[in-house]
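Taking it in order: structure first as structure tokens, then the write-up.
The values are calculated or read from the model by the stated rules, or taken from the named source; none is laboratory data. Predicted model only: the values in this text are computed from it and were never measured. Here the Cβ positions follow ideal geometry from the backbone for every residue, glycine too, while neighbour counts run over all protein chains shown. Just the protein is used for accessible areas: all its heavy atoms, side chains included, with ligands, DNA and RNA removed. Shrake-Rupley method; radii C 1.70, N 1.55, O 1.52, S 1.80 Å.
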Amino acid sequence: MALLGLQRLLRPKTVALVGGDLLKPLVDSCRQMGFDGEIWPVNPRRKEVAGLKCYASLQDLPSPPDSAFLAVNRERTVEAVATLAQMGAGSAVCYASLFAEAGEDGASYQGRLVESAAQMPILGPNCYGLVNAVDQVALWPDVLGCEPVEEGVALISQSGNMGLNLSFQRRELSLSHLITVGNQATVGIEDLMEELLADPRVKGIGLILEAARNPHRFLRVARRALAARTPVVALLVGRSNRGAEIARSHTASMSGRTDAYRALFERAGVISVERIPQLLETLGVLVGIGPLAGNRIVSMSCSGGEASHVADLSEGGDLDFAPLPEDQAARVGRILEGKVKVGNPLDYHTFVWGDLPRLEELFAEVMSGPQEATMLVLDLPGGPGDFTDFGKTASAMVAARAKSQRPALVVSGLPENLDRNLAQKLASGGVTPVRGIEEALAGLEAAVCWGKWVYGRPPPFPSPVPPIPGKVVHLNEAQAKARLRSWGVRIPEGGTAAPDRVIEVAESIGFPVAVKMLGVDHKTEQGGIRLGLSTPKDLDEAVVAMSKQYQGPFLVEEMVSGVVAELLVSVRRQWPVGWVVILGAGGVFTELMGDLARFLAPVDSQEVASALAKLKVGRLLAGYRGAGSADVGACVTAICALVNGALGDGDVVEMEVNPLLATGSGAVAADGLLSVTG
């Protein structure tokens, strides 16, 4: 059943507050936020709450409320939701827990709750409520760190306590909305994102989520945000095995595997982060400087140690700290009287410290270069002491930013060393303040990534994936390879044979050969594979030894020569997110190197080729240190055939080829695992 709109939930004019001890904190939050609508406490045993008339029941209210906060147990929550829906109320926020997150018994209550609500939107249950700071609305049962603002970023959290803690953040990040969703019984993250994107006062969206309730709708809404240049940044919790276990019991959201969600975020144009400070600072950077069309960055500081630290932290990342162009470097050198070796990151030394005209000239010259953004490392402490010269440095950066109209950041080495008042002046002057060098670099990388999505060709939408019906059957290697061959993938020449016929098969294809057990997982560890057998005697001895634990049949195959590199190609059905494709170094290097790229299918040849080039194994494919190169085009074609074949056959659950042997003339699937529905 389609939900009614969320306007009355997010922008109510009348609110009912149902409960006991939490009624006063709820009223206090409304007043703290400056809510100017009607507030109706509901409790049969009280006459008034915080100076407001208290109504005995929902039926006694002057009119159906736009929204009701229900701070009662689960049984009474279900009853109240039914009453509100029948009255024509606009929405309900359900605070109570012990619903679907509490197992089968709780799930039955949640089912009743959804049925009782009909089309009326429900936030929760098992949630902390919401704050709309731009419309001065607070349905919040606790102390509140938010304050009214004219615009800002919206934070949506599945965790109520994490939402509460985020309300206390004191970074230069105005919060337009803070919404906790709990179990998402009817109103999900996707619904809220869609509503928030329609509000021009919302400049960005931050997510703390354990799972997307409807991944394909999430993707469609996120793509709308990308088209509107509204950044979306997500922190996925429950990534670790232990974390996933906690998430399942916490809000009844089955935490998707990290690979699948990272791939989903990539397809959706959503920036993925791993820590709360990174979530906040990345949002601040993206809102402050927007998407970047390239990755060239310049860093400045008055300390060689800070310059080196920036260089260290950026090593291996996607940012390019290229040297200044020769003519620009000469001009910078003249401003610094030839006393400084001009580099990037730039240590401009301390002899210009406090010299405002010189600093303005220096910063303006540096910012006139071809880089996409310029960052200045500067700790701006507050408290007692004369920090006038610190302020001059910040003012010089604001002046240079005004002259260049180019993206600029001031970054403190320590989070606490960024005075809030001065940081707000920076922001008002168009300079983005960031707490922490690592956070600034992560934010800049996010801006580069966002720029690729905004200015480049958006990736294709992933193919929908149904849940797995029935039981799963694991094909043996010979059966799997027959399927791969039907998809147009080259496999080694060979065949299956009983122990007394393996030599006959080997002689028909030519030595040397490999012999393998069939239907045995982890063949290498089980002694189930022998390679490079050059004579009938070698093959016979290998089969005799393997027959002590296995009776056949055996798979006999040619040895592929001229191997340049080994690749891993995996495609698996990850319901409900999509088909997850993983590429990387194969063979023994898969786990050792962890050299992997992840996508949601479908993939195209351009995307596969780009991924291979970025992987470490890509250097082997290209011919490492003078060695022969592989036919990369053939590898790309084989990988696309494997992905398309897995998606095209309706019964595939998971497919893995490890290794796909890359040679100078082609690509051969040397091993294959395939699981299908029975």
- prompt: Gap in Å between the Cα centre of segment 142-189 and the Cα centre of segment 1-73?
  reply: 19 Å
- request: In whole angstrom, note down how far apart the Cα centers of segment 488-515 and segment 604-626 are.
  value: 31 Å
statement: Ile509 neighbourhood, Cβ < 9 Å, K/R = +1, D/E = -1, net charge -4
- prompt: Between rounded, prolate and oblate, where does segment 442-594 land on the alpha carbon gyration tensor, with a ≥ b ≥ c its root eigenvalues, rounded for a/c under 1.5, else prolate if a/b exceeds b/c?
  reply: prolate
query: Which of the listed residues, Pro64, Leu175, Met517, is farthest toward the dipole's positive end in the chain, when Lys, Arg count +1 and Asp, Glu count -1 at the beta-carbon?
result: Pro64
statement: Relative contact order in percent for segment 1-86 (Cα pairs under 8 Å, 6+ apart) equals 33 percent
query: Each residue of segment 296-307 in turn: what ³J(HN,Hα) in whole Hz from Karplus with 6.51, -1.76, 1.60 and θ = phi - 60°, glycine and Pro shown as x?
result: 7, 10, 10, 10, 10, 6, 9, 9, x, x, 5, 4
Rounded accessible area per residue of the chain, 1.4 Å, Å²: 42 Å²
field: Prolate/oblate/rounded call for segment 83-141, Cα gyration tensor, a/c under 1.5 rounded
entry: oblate
- request: Label the chain by shape, choosing from rounded, prolate and oblate, from the square roots a ≥ b ≥ c of the eigenvalues of the Cα gyration tensor; if a/c is under 1.5 it is rounded, and otherwise prolate applies when a/b is larger than b/c, oblate when it is not.
  value: oblate
message: Could you sort the peptides 303-311, 597-605 by per-residue average Cβ neighbour count (10 Å cutoff), highest mean leading?
response: 597-605, 303-311
query: Normalised by the residues of segment 357-400, what does the relative contact order come to in percent, with Cα pairs under 8 Å and at least six apart?
result: 60 percent
query: How much of the accessible area of segment 554-618, probe 1.4 Å, is carbon plus sulfur, in whole percent?
result: 56 percent
- prompt: What does the charge dipole of segment 562-678 about its Cα centre add up to, to the nearest 20 debye, if the Cβ of each Lys and Arg holds +1 and the Cβ of each Asp and Glu holds -1?
  reply: 380 debye
message: Going by Cα centres, segment 641-678 and segment 359-374 are how many Å apart?
response: 51 Å
- prompt: Residue farthest toward the positive end of the dipole of the chain, with Cβ of Lys/Arg at +1 and Asp/Glu at -1: which of Val221, Gly429, Leu4?
  reply: Leu4
task: Please tell me the relative contact order of the chain in percent, rounded to the nearest whole number, where contacts are Cα pairs under 8 Å and at least six residues apart.
output: 9 percent
message: If you take every residue apart from Asn344 with its C-beta less than 12 Å away from the C-beta of Asn344, what net charge results, scoring Lys and Arg +1 and Asp and Glu -1?
response: 0
- prompt: Around Glu38, with a cut-off of 10 angstrom between Cβ atoms, what is the net charge of the other residues, counting Lys and Arg +1 and Asp and Glu -1?
  reply: -1
- line: Over the chain, the sum of -39500 (n - 2.57) across DSSP H runs of at least four, divided by residue number and rounded to 500 deg cm²/dmol, gives at 222 nm -11500 deg cm²/dmol
query: Mind checking the dipole of the chain: about its Cα centre, +1 per Lys or Arg Cβ, -1 per Asp or Glu Cβ, Debye to the nearest 20?
result: 1000 debye
